[in-house]
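The values are calculated or read from the model by the stated rules, or taken from the named source; none is laboratory data. Remember, predicted model here, so these are calculated numbers, not experimental data. All Cβ positions, even for glycine, are placed from backbone atoms using ideal geometry, and neighbour counts span all protein chains on display.
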Amino acid sequence: MSMPSEPITVDPIVRRLARGAALEPVWVNQLGGATFRTDDDRYIKFGPRNAETSFAAEAERLAWAREFTPVPVVQEVGGDDEREWMVTAALHGRSAVDPRWLADPASAVRAIGEGLRALHEALPVRECPFDWSVRRRVANAAERGIRVSEELRTSPAIDALVVCHGDACAPNTLLGADGRWSGHVDLGALGVADRWADIAVAAMSTEWNYGAGWQDALVIAYGLEPDRERMAYYQALWNAT
């Protein structure tokens, strides 16, 4: 997922969902989807149906998670045979990859780590109906025609089970003006898993967004020392699936 670099054609469904509000494209992904912000503080996610993501599944996860932590409130979700869409209310804060925070990676990385720890501590594992275990992820990959190597089918021993974000990359943490985390977005894969499944991906994403040298800082901001084995494993699993 990235910020759009070229003009985007706005589908009539998106215009209908906007209800006359002005639209600003803020994200596009490799699957052909796009996210728009309206000038009345809503976000509209729109894209083709695919085997990897589901806005209906994300809406279900957001409805559950918002009882415990700041995540978007879903206002509308729907789809047809080929496309799907979701409308949410905007949360307070800016993405950790907003130009404001790209210019201050130390603050952004600290907030991402602290925010991820807070998310893991807030969401109750025993009450969570969603699964993001290695076994579930391998099965999901197989359903999409992706074969995961035997080496990646067995994870390191579980360190701590938490409710993981499922896509803890830097853009999905929001920061307030004070430089502290204020919420999380894009929780379509949320589910129970080892906390390193999130930590490793969040750390890896710092390289993509802020450059080399920030991975350990994120882990330390989370409150742990880097675990090289678990980080290497879960980063490889992410890249493979």
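Would you please name the residue that is nearest to residue 138 (Cα to Cα), looking only at residues in the range 44-59 that are out of contact with any Phe, Trp or Tyr (no Cβ under 7 Å at 6 or more places or on another chain) and without any contact (Cβ under 8 Å) to a residue 60 or more places away in the chain?
Among those residues, the one meeting the criterion is 50.
Answer yes or no as to whether residue 10 is buried (at least 16 other Cβ atoms within 10 Å of the Cβ) and out of contact with any Ser or Thr (no Cβ under 6 Å at 6 or more places or on another chain). Working first, answer last.
Numbers: buried (at least 16 other Cβ atoms within 10 Å of the Cβ): no; out of contact with any Ser or Thr (no Cβ under 6 Å at 6 or more places or on another chain): yes.
Here the answer is no, as residue 10 does not meet what is asked.
Consider the range 194-227. How many of its residues are under 24 Å from residue 131 (Cβ atoms) and either part of a helix (DSSP H, G or I) or under 20 Å from the mean Cα position of the chain (by Cα) (or both)?
Adding up the residues that qualify gives 13.
Pairs under 7 Å by beta carbon, first residue of a type in the set (Asp, Glu) in the range 12-33, partner surrounded by 17 or more Cβ atoms within 10 Å (Cβ to Cβ), six or more apart or different chains?
24/36; 24/37
Yes/no per residue for (1) at pLDDT below 95; (2) of a type in the set (S, T, N, Q); (3) not assigned by TED's automatic domain parsing to the domain that holds residue 127:
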residue	(1), (2), (3)
142	yes, no, no
145	yes, no, no
158	no, no, no
163	no, no, no
166	no, no, no
173	no, yes, no
176	no, no, no
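I want to confirm something. Restricting to the range 23-64 and keeping residues that are of a type in the set (Val, Ile, Thr) and either over 19 Å from residue 190 (Cβ atoms) or in a helix (DSSP H, G or I) (or both), which single residue is farthest from the chain's Cα centre (by Cα)?
38
It is to be established whether one or more residues within the range 112-133 are surrounded by fewer than 20 Cβ atoms within 10 Å (Cβ to Cβ) and under 18 Å from residue 204 (Cα atoms).
Checked against the condition, which is being surrounded by fewer than 20 Cβ atoms within 10 Å (Cβ to Cβ) and under 18 Å from residue 204 (Cα atoms), the range 112-133 yields at least one hit.
For the range 74-94, which residues satisfy the criterion of being surrounded by 14 or more Cβ atoms within 10 Å (Cβ to Cβ) and closer than 22 Å to residue 117 by Cα?
Once the filter is applied, which keeps residues that are surrounded by 14 or more Cβ atoms within 10 Å (Cβ to Cβ) and closer than 22 Å to residue 117 by Cα, the range 74-94 yields 91, 93, 94.
For the range 149-172, which residues satisfy the criterion of being surrounded by 20 or more Cβ atoms within 10 Å (Cβ to Cβ) and in a loop (DSSP other than H, G, I, E, B)?
Scanning the range 149-172 gives 165, 166, 167, 168, 169.
In the range 71-94, which residues are touching a helix residue (DSSP H, G or I) at 6+ places or on another chain (Cβ under 9 Å) and over 21 Å from residue 32 (Cα atoms)? Before you say what the answer is, go through the steps one by one.
Kept after step one, since they are touching a helix residue (DSSP H, G or I) at 6+ places or on another chain (Cβ under 9 Å), are these residues of the range 71-94: 71-74, 76-80, 83-88, 94.
Selection gives 71, 72, 73, 74, 94.
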